[in-house]
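Written below as structure tokens is the structure these notes are about.
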Amino acid sequence: MIYLDNAATTLIKPQQVKNAVAAAMETCANPGRGGHRPAMAAARTVFACRETAAEFFGLEQPERAVLTQNATHGLNLAIKSAMAQGGHAVISGYEHNSVARPLEAMKSRGVSYTPAYSKLFDQQDMIDQIEAAIRPDTRCVIVNHVSNVFGFIAPLEQIDQLCRQKGLPLIIDASQSAGTLPVRASDYPSAIFICMPGHKGLYGPQGTGLLLCCGETPLHSLMEGGTGSNSLETSQPDFLPDIFESGTLNVPGAAGLQAGILYVKKRGLDQILAHQRALMEILAQRLEGQEGLRCYYCPQCQTGVMALTCPLPSEEAAQRLADEDICARAGLHCSPLAHRSAGTLPDGALRLSFSCFNTQEEAEGTAEIIKQMLKK
């Protein structure tokens, strides 16, 4: 099998991640619910994950690294806190439905939003379109650091500068960048939240994620319940991380997520990105000149995610690859805005996405099978 659906989840995990999950399942009970050894082991495991995440992502206080179920969970917490009083949001034209749908659901509460559509792989146009979409009632800007469809890297530094000039808070969706590009809260002074999954570029288990609470903004929980703190009070605690972490935490997931972050730190972001880009270059070069095939490829502003279109419908192309035991994804990738921006509606595209465990032989073999598929 050749697994090239890493933008959805990294299937192949480091061995230390598996070991950490197994160890936690054998030794950890419920954190914050007792002083006995298994409960304390769980508390230490969760705090170790927060500490590792805070250090890796540039947070001064570990309690500001909130454990979530996934990036969607974190984005909902972020958006529904930032937009709780209503108003207008500007989002890039490459946002996932995990941004668009929460905003759409809040329309009855006085929230509106404008997608700032821009040309694919044109970073300056993205900046210009975001600035043009800002209105007097704009309360927040939300940007996908890396497109989950095209691997397009947003110019976050310049967008952060724009937000500071306009006095607007920034929410960053780092779903495709965490573990591949540097993502440090201290680099983006306007950012109030940075959201990411644990199961993609951080090589953690599914069902894990992080919400980095960077700025001072009122917090609004989505779910209330037991936190192991302030138990005499019937109201939800208003402090981090407890306000966002009701119920039993995914302790084995936290153990695996910490191990995944440590693996990425040891391997190095530069090495990971260079490896993915090298495989993309091989794929793009091998497919160059194929009739009817378009590779959406821009090595200067792209990570290891590449979309393709060809005479076949994308779903059929993906199924033909699946028949050859190559795992890819087709369609709209839960990101219709990105496809509208790039002009790939309504069929979408075939997406191939690499991890640090993919090889040159896999990239070359995939290119040959795609060429054979097109001939047929």
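The one condition from (1) part of a helix (DSSP H, G or I); (2) closer than 21 Å to Met196 by Cβ that Arg286 does not meet is (2). Which one is most open to solvent (accessible area, probe 1.4 Å) among residues in the stretch 32-55 that are touching a residue at least 24 places away in the same chain (Cβ under 8 Å) and out of contact with any strand residue (DSSP E or B) (no Cβ under 8 Å at 6 or more places or on another chain)? That would be Arg33. Just to be sure I understand, how many residues within the stretch 191-229 are under 22 Å from Glu60 (Cα atoms), open to solvent by less than 10 Å² (accessible area, probe 1.4 Å) and assigned to a loop (DSSP other than H, G, I, E, B)? Matching residues across the stretch 191-229 total 3. Taking each residue of the stretch 91-109 that is closer than 22 Å to Cys163 by Cα and without any contact (Cβ under 8 Å) to a residue 40 or more places away in the chain and looking for partners that are open to solvent by less than 60 Å² (accessible area, probe 1.4 Å) and assigned to a helix (DSSP H, G or I) with beta-carbon atoms closer than 8 Å, six or more apart or interchain, yields Pro102/Leu75; Pro102/Asn76; Pro102/Ile79; Pro102/Lys80; Leu103/Ile79.
Quick grid of which residues meet (1) acidic (Asp, Glu); (2) assigned to a loop (DSSP other than H, G, I, E, B); (3) farther than 30 Å from Leu67 by Cα:
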position: Gly253; (1), (2), (3): no, no, no
position: Ala259; (1), (2), (3): no, no, no
position: Lys266; (1), (2), (3): no, no, no
position: Ala274; (1), (2), (3): no, no, no
position: Glu291; (1), (2), (3): yes, yes, yes
position: Leu308; (1), (2), (3): no, no, yes
position: Ala317; (1), (2), (3): no, no, yes
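The residues of the stretch 235-258 that are aliphatic (A, V, I, L, M) and either open to solvent by 30 Å² or more (accessible area, probe 1.4 Å) or under 18 Å from the mean Cα position of the chain (by Cα) (or both), listed by number, are Leu240, Leu249, Ala254, Leu257. Would it be correct to say that Ala322 is in contact (Cβ under 8 Å) with a residue 40 or more places away in the chain and farther than 18 Å from Val99 by Cβ? So Ala322 does not fit the description; no. Here Leu232 meets each of (1) surrounded by 24 or more Cβ atoms within 10 Å (Cβ to Cβ); (2) assigned to a loop (DSSP other than H, G, I, E, B) with one exception, condition (1). What number of residues within the stretch 108-153 are aliphatic (A, V, I, L, M), crowded, with 24+ Cβ neighbours inside 10 Å and closer than 21 Å to Ala84 by Cβ? Within the stretch 108-153, residues that are aliphatic (A, V, I, L, M), crowded, with 24+ Cβ neighbours inside 10 Å and closer than 21 Å to Ala84 by Cβ number 3. When Cys327, Cys356 are checked against the criterion of being under 23 Å from the mean Cα position of the chain (by Cα), within 11 Å of Ile2 (Cα to Cα) and in contact (Cβ under 8 Å) with a residue 60 or more places away in the chain, a single residue qualifies: Cys327. Quick one: is Thr52 of a type in the set (Ser, Thr, Tyr), modelled with pLDDT of 95 or more and touching a Leu at 6+ places or on another chain (Cβ under 8 Å)? It is true that Thr52 is of a type in the set (Ser, Thr, Tyr), modelled with pLDDT of 95 or more and touching a Leu at 6+ places or on another chain (Cβ under 8 Å).
The single residue among Leu181, Leu156 that is open to solvent by less than 10 Å² (accessible area, probe 1.4 Å) and of a type in the set (A, V, I, L, M, F, W, C) turns out to be Leu156. Residues of the stretch 176-184 include at least one that is more than 19 Å from Leu240 (Cα to Cα) and of a type in the set (Val, Ile, Thr).
The strands (runs of 3 or more DSSP E) located wholly in the stretch 52-171 that include 1 or more residues which are among the aromatic types (Phe, Trp, Tyr) and on the phi < 0 side of the Ramachandran plot occupy 111-116. Answer with yes or no whether Leu374 is over 28 Å from Ala178 (Cα atoms) and part of a helix (DSSP H, G or I). It is true that Leu374 is over 28 Å from Ala178 (Cα atoms) and part of a helix (DSSP H, G or I).
Might you let me know whether the stretch 98-110 holds any residue that is of a type outside the set (S, T, N, Q), more than 19 Å from the chain's Cα centre (by Cα) and within 18 Å of His339 (Cβ to Cβ)? Yes; the residues of the stretch 98-110 include at least one that is of a type outside the set (S, T, N, Q), more than 19 Å from the chain's Cα centre (by Cα) and within 18 Å of His339 (Cβ to Cβ).
Within the stretch 286-296, being farther than 21 Å from Ile153 by Cβ and surrounded by 14 or more Cβ atoms within 10 Å (Cβ to Cβ) holds for Arg286, Leu287, Gln290, Leu293. Of everything in the stretch 10-31, what is under 24 Å from the mean Cα position of the chain (by Cα), assigned to a helix (DSSP H, G or I), of a type outside the set (A, V, I, L, M) and surrounded by 14 or more Cβ atoms within 10 Å (Cβ to Cβ)? Give them in sequence order. Correct list: Gln16 only.
The values are calculated or read from the model by the stated rules, or taken from the named source; none is laboratory data. Since we're looking at a predicted model, the values are computed, not measured. So basically every Cβ, Gly included, is an ideal-geometry build from the backbone, and we count neighbours across all protein chains shown. Surface areas here come from the heavy atoms of the whole protein model, side chains and all, with no ligands, DNA or RNA. Shrake-Rupley method; radii C 1.70, N 1.55, O 1.52, S 1.80 Å.
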